[in-house]
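Inspection log for the structure reproduced underneath, given as structure tokens.
The values are calculated or read from the model by the stated rules, or taken from the named source; none is laboratory data. Keep in mind it's a predicted model, so treat the numbers as computed, not measured. FYI the Cβ positions are ideal-geometry reconstructions off the backbone, even for glycines, and counts take in every protein chain you see. These area figures cover heavy atoms from the full protein model, side chains too; ligands, DNA and RNA do not enter into them. Shrake-Rupley method; radii C 1.70, N 1.55, O 1.52, S 1.80 Å.
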Amino acid sequence: MRCAKFRRGVLCAALAVFGVAWSLGSATADELKVQDIRIGVHPGSTRFVVELNDNVEPRVFGLPDPYRVVIDLPEVDFDLPEERIGDGAGLISKLRYGLFQPGTSRFVLDLSSPSRVTKQFMLKPAGGKPWRLVLDLTPTTRADFVVSMRPSAEDNPNPVTRVPVPAAPRQNEKPVVVVDAGHGGVDPGAIGVSGVYEKKIALDYAREIVQELKASGKYEVVMTRDRDIFLPLRERVRLSRAAGADLFLSLHANTHPKRRTRGFSVYTLSDRASDKEAAALAALENKSDVIGGVNLGDYSDDVQNILIDFAQAKTNELSVKFARDILVGEVKTSASLLTRPWRSAGFAVLKAPDVPSVLVELGYISNPQEERLLVTATHRQKLSRAIVQAVETYFETTQSAAL
Ligand SMILES: [Zn+2]
């Protein structure tokens, strides 16, 4: 069912009621569902309404720089009549939602100016409408926003420490490859011309690559995420190190203001970007935590400042060997390449000092042909095989060099 963005029409309202009734009928007792989202713009305030099949107790808080309101709910199924990630209205400039961590689903409302939640309540089902969470936002000053909307420790659990990872060194002899599907959950990543999300492409390719790597029997393979869930950048780095990774592959899809730009590219870490486009891309990719509603104040100096020290020089040499000398050559016959397909910049997700790490941009989802190609199973298999072949060549050559 597709209605106008902010539906006011009688027909649309009737369809919505029908949709809700149908969803309620099919819901099982323990599935919490978000059934619709509405934004109402009023003089001096903006109302955000979430329709649910049950009562909830949300945790609501604000984060500055940029101004965001975060609404955490228990894990829910987003069963919306239409996808609503994208532009907001009124005081809400952008809207995102998705799984933030196991057990917690999150809305992130980007604000056009500092605004506080002046009213927050649940409405019981009535008049054909299900449970509704209602939040009213009103403009305020920065100082008031920072004080009145600040998260308590419980509201914003430090996501960096939440995934238990064994600290013990690995026992096996096989090289460990960590495959990182970029973005996820509340962070959709880039959005393609036809609406496909980068997070989905990244996960589909990660699964394909992992399957191929495992089938070879030569590697220990670890995924940073294997579902549609948010993961902070530093957590990805930490997981890679804790797994004792010998190679870290972060998978992404790119966009460009010029629609004709297309092609595969691979990036390594450097404290000086190889070109302006690589610097802009790194800035964009490094925003994932802001997008996901993480309080960067917890570790801003760590994520934002990237300086390659002596210990990283050898690691970086290996990253460049894999990216420039091997991967580009393997992919050449399977996909079109961007001009200068190997570039470098300050990507936060590549900063493990002891793990050769590359960030792969599988292609441009702002290019209509490439977006269509990237979602086909044929291209996914072809490109994934080329990447796996590059991994094999890399370990064959580095292992023989070590003998
Ligand atoms: Zn990305």
Any hit, segment 239-252, residues being within 17 Å of the chain's Cα centre (by Cα), closer than 13 Å to Gly184 by Cα and surrounded by fewer than 19 Cβ atoms within 10 Å (Cβ to Cβ): no
Among (1) hydrophobic (A, V, I, L, M, F, W, C); (2) touching a Gly at 6+ places or on another chain (Cβ under 7 Å); (3) surrounded by fewer than 24 Cβ atoms within 10 Å (Cβ to Cβ), the one test that Phe264 misses: (3)
Filter pass, Pro159 being within 16 Å of the ligand (Cβ to nearest atom), at pLDDT below 95 and either open to solvent by less than 20 Å² (accessible area, probe 1.4 Å) or among the polar types (S, T, N, Q) (or both): no
Residue count, segment 366-382 (criterion: in a helix (DSSP H, G or I) and more than 16 Å from the ligand (Cβ to nearest atom)): 10
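Can you tell me how many residues within segment 16-51 are at pLDDT 50 or above and more than 29 Å from the chain's Cα centre (by Cα)?
Final tally of qualifying residues: 5.
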Spans of strands (runs of 3 or more DSSP E) in segment 172-275 with at least 1 residues more than 16 Å from the ligand (Cβ to nearest atom): 176-181, 220-223, 247-254
Filter result (within 16 Å of the ligand (Cβ to nearest atom) and either in a helix (DSSP H, G or I) or without any contact (Cβ under 8 Å) to a residue 60 or more places away in the chain (or both)) within segment 324-365: Ala348, Val349, Leu350
Qualifying residue in segment 211-218 (condition: acidic (Asp, Glu) and at pLDDT 95 or above): yes
